[in-house]
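Below is one structure, written out as structure tokens; the observations come after it.
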Amino acid sequence: MKFKALKYNALKGNIQPINQGNGRYFQTEMMFNFECMNLSRIVFLIISILFFGRVAYLQPDEYVKKSELINKTPKEIPTFQQAGYRVQERFKDMSSDSFEIRNFKINYRHNPKNALYGYDWKVEEMRPEGVLTLMFIPEGLFVMHNDGVVKEMTQTLLADQLDPGSYFEYLRSSFLLEEVVSPFISAPPEEISTRDSNSYIILFRKTSEDFTQKLILDKETYRPTEAITINYDDELGLQQVQQVYFSEYNQDLDLLNNIFSPEYYKNNGYSYKLLPVEKEEEEEINPIDVIKSRDLLFHYPFLNEKGDTILFDKNFAGYVLLDFWYAGCAPCLKGLPVVNTLLEKYPESTLKVVGINGFDLKNKAFVSAKLRDKGIKMELLFAEWKLIRDLKVNAFPAYMLITPDGKLEYLPGGAEDAIMTINSLLK
């Protein structure tokens, strides 16, 4: 990358930018003529050296004005319509030490008739077992599977809105360029810093010590070429990274009329089925059957970090505090060290603290090692997601207490509230 440097002519008293090779640095040039200098000029030169030398050394190259950039980007977004992109996603969850790599092809276009989004979009994911295609158009959501032998297409009429947590909505928010750019448009200018190179503009957005976004825009088109999101828990050393790389492809290779056409797939051998819209019943928050939940816990074959099967001790005479958490939950990670302090205050014969994780079973050794390195000493047990669902745990972190007489209680609030409850019982 080439960055601009500052060139200062002390005699003429002007500053002009110059291009200076590769690398991120600045250069200050001074030309002196001591024969014609009086004391005032010497003082002026000393002040200039101190001031401009400091500017040249300390100031980053941010000659792209944030306000201009933020004002320009929304105006360019309409040009993204009828766009085609190849996308590669690299994702590393907090519960993993390796990246998952996935490849997609994205098409979308402005369409006011699509009441759900205001545009149509289609994403094709190239998987080892074949191609999965998702298409949102006014007629509904179409899902196509092609494993090279069987070709299937299903249609679901679009409801008023999609569940934001659904797989389809996750892909849309990750890959549609409006969604990639919009966090930088809506953010206050003070949250955004910029860097400039010959071909790209790099935007940084840091909303907290734990969360950072980076967006790289092509300087000519203002279209994204790369988007990076980093969620980092400094205390426990866990990091979640999502990197998305965009590259345009020549849509002339595909007939535009076929890109969003269900008939195209029907005519190419795809079987077709219309699916009914499933209406999810609202679940009551924490509908608790304490006897059933207790029995589930007492009979469930948990796994510890070493892969050993662990069963609860039904005959334990003290209290057992259960902390429900998972590695991708920032509040959970903040609460673990807080609850862990109870182990230093009460003997194990009086209180046991157990962390229950129903999300990171496959990566239990990696996650546990991170926690152990940071001094988390509580017992860590891992389970399938089904147990968490059956226990009706629907917010995290969550806390339960098993009393000495075998009763199970849900504890409201967070880690500090759980500690207050324990302290009041064991005072």
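The values are calculated or read from the model by the stated rules, or taken from the named source; none is laboratory data. Given the structure is predicted, the values throughout are model-derived calculations rather than measurements. Heads up, the Cβs are rebuilt from the backbone with ideal geometry, glycines too, and the neighbour counts pull from every protein chain shown.
When only residues in region 373-426 that are in a helix (DSSP H, G or I) and among the charged types (D, E, K, R) count, which is nearest to Leu296 (Cα to Cα)? Taking the candidates together, the pick is Asp390. If you go through region 205-228 and keep only what is among the hydrophobic types (A, V, I, L, M, F, W, C) and either more than 23 Å from Tyr85 (Cβ to Cβ) or in contact (Cβ under 8 Å) with a residue 24 or more places away in the chain (or both), you end up with Phe211, Leu215, Leu217, Ala227.
Residues in region 140-164 that are among the acidic types (Asp, Glu) and either assigned to a strand (DSSP E or B) or modelled with pLDDT under 90 (or both) were compared, and the one that is farthest from Val87 (Cα to Cα) is Asp160. What are the residues in region 339-372 that are farther than 29 Å from Phe91 by Cα and either in the same structural domain as Asp97 (by TED's automatic domain parsing) or not in a strand (DSSP E or B) (or both), if any? Val339, Asn340, Thr341, Leu342, Leu343, Glu344, Lys345, Tyr346, Pro347, Glu348, Ser349, Thr350 - these are the residues of region 339-372 that are farther than 29 Å from Phe91 by Cα and either in the same structural domain as Asp97 (by TED's automatic domain parsing) or not in a strand (DSSP E or B) (or both). From the list Phe142, Phe91, the lone residue that is under 27 Å from the mean Cα position of the chain (by Cα) and more than 30 Å from Ala369 (Cβ to Cβ) is Phe142. Consider region 165-180 and keep the residues that are modelled with pLDDT under 80 and in contact with a helix residue (DSSP H, G or I) (Cβ under 9 Å, 6 or more places away or on another chain). The one that is surrounded by the fewest Cβ atoms within 10 Å (Cβ to Cβ) is Glu179. Scan region 268-276 and tell me whether some residue there is within 20 Å of Phe168 (Cα to Cα), in contact with a strand residue (DSSP E or B) (Cβ under 6 Å, 6 or more places away or on another chain), modelled with pLDDT under 90 and not in a helix (DSSP H, G or I). So far as region 268-276 goes, yes, one or more of its residues are within 20 Å of Phe168 (Cα to Cα), in contact with a strand residue (DSSP E or B) (Cβ under 6 Å, 6 or more places away or on another chain), modelled with pLDDT under 90 and not in a helix (DSSP H, G or I).
What are the residues in region 111-127 that are at pLDDT below 90 and more than 16 Å from Ser173 (Cα to Cα), if any? Within region 111-127, Asn111, Pro112, Lys113, Asn114, Ala115 meet the criteria.
For region 352-359, indicate whether the set of residues that are crowded, with 16+ Cβ neighbours inside 10 Å, polar (S, T, N, Q) and farther than 14 Å from Leu238 by Cβ is non-empty. Scanning region 352-359, I find no residue that is crowded, with 16+ Cβ neighbours inside 10 Å, polar (S, T, N, Q) and farther than 14 Å from Leu238 by Cβ, so the answer is no. Of all residues in region 214-245, those being part of a loop (DSSP other than H, G, I, E, B) and farther than 25 Å from Tyr326 by Cα number 5.
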